[in-house]
1. When you count, for each residue, the other Cβ atoms within 10 Å and take the mean per peptide, how do B:400-407, A:119-126 rank with the highest first?
2. With a 1.4 Å probe and all protein chains in place, put B:176, A:141, B:448 in order of accessible area, largest first.
3. Count charges around residue B:151 for me, please; just the other residues with Cβ under 10 Å from its Cβ, Lys/Arg as +1, Asp/Glu as -1.
4. Excluding ligands, DNA and RNA, what is the accessible area buried between chains A and B, summed over both sides, using a 1.4 Å probe, to the nearest 100 Å²?
5. Wrap a convex hull around the Cα atoms of the stretch A:90-169, take a quarter of its surface area, and give that in square nanometres.
6. Using the Cβ atoms and a cut-off under 14 Å, what net charge is assigned to the surroundings of residue A:167, where Lys and Arg are +1 and Asp and Glu are -1?
7. Sorted by accessible area (1.4 Å probe), largest first, how do A:140, B:62 line up?
8. How big is the stretch A:4-63 along each principal axis, measuring the range of its Cα positions in Å and listing the largest first?
Amino acid sequence: MQEYFSLFGLPERFAIDPAQLEVAYRNVQAQVHPDRFAHRPEAERRVAMQWATLANEAFRTLKNPLARARYLLSRRGVEIDAERNNGMSHAFLMQQMEWRESVEEAADDAEALQRLERDLARDERVMLDDVKHAIDEEVDLVQASELVRRLMFMEKLRREIDEALALLEN
Amino acid sequence: MALLQLSEPGESPDPHQQRLAVGIDLGTTNSLVATIRHAVPECLAGDGCGIILPSVVRYQKDGSTIVGQAALAAQTIDPRNTIASVKRLMGRGLADADAGMRGRYDLVDTGDMVRINTVAGQRTPVEVSSEILRVLRERAEASLGDELVGAVITVPAYFDDAQRQATKDAARLAGLNVLRLLNEPTAAAIAYGLDEGAEGIYAVYDLGGGTFDFSILRLSRGVFEVMATSGDSSLGGDDFDEALAAWLHKKASGVDLDCSKSRALLVEARRVKEALTLSAECVARVPVAADGIKDVTITLGEFHELTQALVERTLQPVRKALRDAALKVADIQAVVLVGGATRMPHVRSAVAKMFGREPYTDIDPDKVVAIGAAIQANVLAGNRRPGEDWLLLDVIPLSLGLEMMGGLTEKIIPRNSTIPVSKAQDFTTYKDGQSAMAIHVVQGERELVQDCRSLARFELRGIPPMPAGGARIRVTFQVDADGLLSVSAREQTTGVESHVTVKPSYGLSDDEITGMLKAGFEHAAEDMQARALREQQVEAERLIEAARQALIEDAGLLSSNEQAGIEAAIKRLGELNLGNDHLAIKAGIDALSASTGELAARRMDKAIRQALTGNRIDALPL
Ligand SMILES: Nc1ncnc2c1ncn2[C@@H]1O[C@H](COP(=O)(O)OP(=O)(O)OP(=O)(O)O)[C@@H](O)[C@H]1O
Ligand SMILES: [Mg+2]
């Protein structure tokens, strides 16, 4: 299976220049997209579709910091199971519960929900910085995967807030 | 694109010989065909009529059909056999067919795709649509003087898989080679963006006769990237007509009307609706029982009041798309209006109010979709000119998923994923010794399977006996560049495999299409045979030459077995080509193509790898 970073000619690191990633992605799609081969025989169209599919998946993965971190960890043999939360610190489990309660309480208060969302996003940014450090510099994969697992929870929570906001809007 | 010059000798497109391709806007109300002639997009007019072909088909006793203006005019005299707005039935079963359509036609429940009873017998919506497409194909061929290489057919962005598949089937049935299904708002954006050289984030609000789409696109340096799309595939001008007809009817009499009169009422409602765009008041001539007509005056204000809820309904998808794209109204540089129904003043003002600015209506909203499709068709057919270097990245409108235990949906590919896209997920058995697994593919956003659209059901059989939880069943979803899904399932430990292209429940089977096409060809004239023979001979020569060349250049990519297989197929086709049986030659061509298919795939893969490597060196900062 083609590795994502090398597909885009980027060094395999967490720190990434989004603009450079985007340019590289577009360059690849410009070469492989099925639209370039629509008049070609079936076999070529099929191969083009496979490459374009891969480019989309690679771009989607590397663009999103959390997905990128998971990808880097899995390349290093660390698979993260979304379902389990053993090994999470007690403090974080408590924090999880608090957040959940706040979301439930704010369920029909758009402003409170937005505030929660902003707080979460701010915390996530700080943690992603730690992830960058843990993967690119310190190479502490245990810490990185612990952070990623927390971030996964937070992302899920943010999606729930989004859904609650969407309901309020309509 | 120099890096991917894969053209085999004799196949590189001759610059003087443009390959004829068209774009077709297959609308609920109106259909158009457009092409690029002398580098200029142009909508093609029919013989003695304009460029717009009303999407109406009238079936007659002898099985013949009348399509377009004449059928539109026959609506009230032959309402049951004169099918309008058939697009609203595409890919639908009776249960989810539009209520208005159910009242107007004699619909038959066949368990899957709905059928319409006509004097000429039962017809599927796919067949009715293909009649419209056939007229447009003939129009294009007459006007361009030759056969078409292919066509881009537009579909509402919010069409689900079943509706897309039905549209593609209709095109094939009409004898068209479908180069691509293109989303209508994206087509509009192409026409618009290339015309104006626009850059930035644009929204397209497309309210047509039967469907509503809202798409947000980012245009930058020649890339059209759809960020989010949403809509309602049964909301359009037709609904305004129905609301107005109901209101007028109540005002005039409220007494039940027969079929022909209620159709006349609907026709009148549409006239009045359109008239109210230009004047503040209108007198409707409302049919009442017997031969009566009653005049009812309606003001623009009254019309707006009674249809404001429909306008509101369009704003919900607008908000959803903004949210999905994580954008605020202020991030949208401009909103482009497409579709005849956006001529209504209250629609315009609702859009203007929502976005805090006047929407764009520069390009004729009737033509813009067909023109965008023609531009895309021209490029897909291989007529890309030097410097014409734009790229389109579109998305799927609705999430795709599987039914899980308890009737819950498990999303596999989320909506607004850029296509082509593929996702695999592993499942396991829940009973000891379970030998089969039912796979139910659904589309939609809802939690419960029953609230989503069922696309297909199939079964993976022959799983060897294992304890519960022992099997690893990988289900793979692949969505191609047309937005069409195929699903395969494979037991990982034993390799038992099952595959479906998601179509049987609402489309036509390949056999059905082939059968219908054959029936059509049997009536064809002799000279068509001669032409087919000539074409197949030329194609055979080209293919033999290309295969020989490939054998020389890429012998290293082939095993000696494969090489021998190709050589045999070349020899066989060479012999067939001396004869004059065009079907036999066609079979020989197919056989050679099949034996070289794997080689072509490997050559292509190699070429792409080389191209990307070159690319990477360029892109790396030094
Ligand atoms: N001046 C007007 N005022 C109001 N409505 C109009 C006017 N002109 C056309 N329409 C309406 O626009 C609709 C047709 O629009 P259009 O041709 O864009 O639809 P379509 O492409 O056939 O449908 P769709 O895209 O939904 O499949 C009809 O409902 C028609 O009554
Ligand atoms: Mg339209």
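1. Values: B:400-407: 16.2, A:119-126: 12.6.
Result, highest mean first: B:400-407, A:119-126.
2. On the way: B:176 10, A:141 45, B:448 70 Å².
Sorted descending by solvent-accessible area, the residues read B:448, A:141, B:176.
3. On the way: positive: B:137, B:180; negative: none.
Around residue B:151, the surrounding residues sum to +2.
4. Details: alone 10660 and 28620 Å², together 35400 Å².
Roughly 3900 Å².
5. Working: hull surface 20.7 nm².
Approximately 5.2 nm², given one-decimal rounding.
6. Details: positive: A:159, B:319, B:320, B:323, B:446; negative: A:104, A:108, A:109, A:160, A:162, A:163, A:169, B:445, B:447.
Net of charged neighbours comes to -4.
7. On the way: A:140 50, B:62 125 Å².
Per-residue accessible area, sorted high to low, gives B:62, A:140.
8. 40, 15, 15
The values are calculated or read from the model by the stated rules, or taken from the named source; none is laboratory data. Since we're looking at a predicted model, the values are computed, not measured. Cβ: placed from backbone, ideal geometry, glycine included. Neighbour counts: every protein chain shown. In case anyone asks, the SASA skips ligands and DNA or RNA and just uses the protein heavy atoms, side chains included. Shrake-Rupley method; radii C 1.70, N 1.55, O 1.52, S 1.80 Å.
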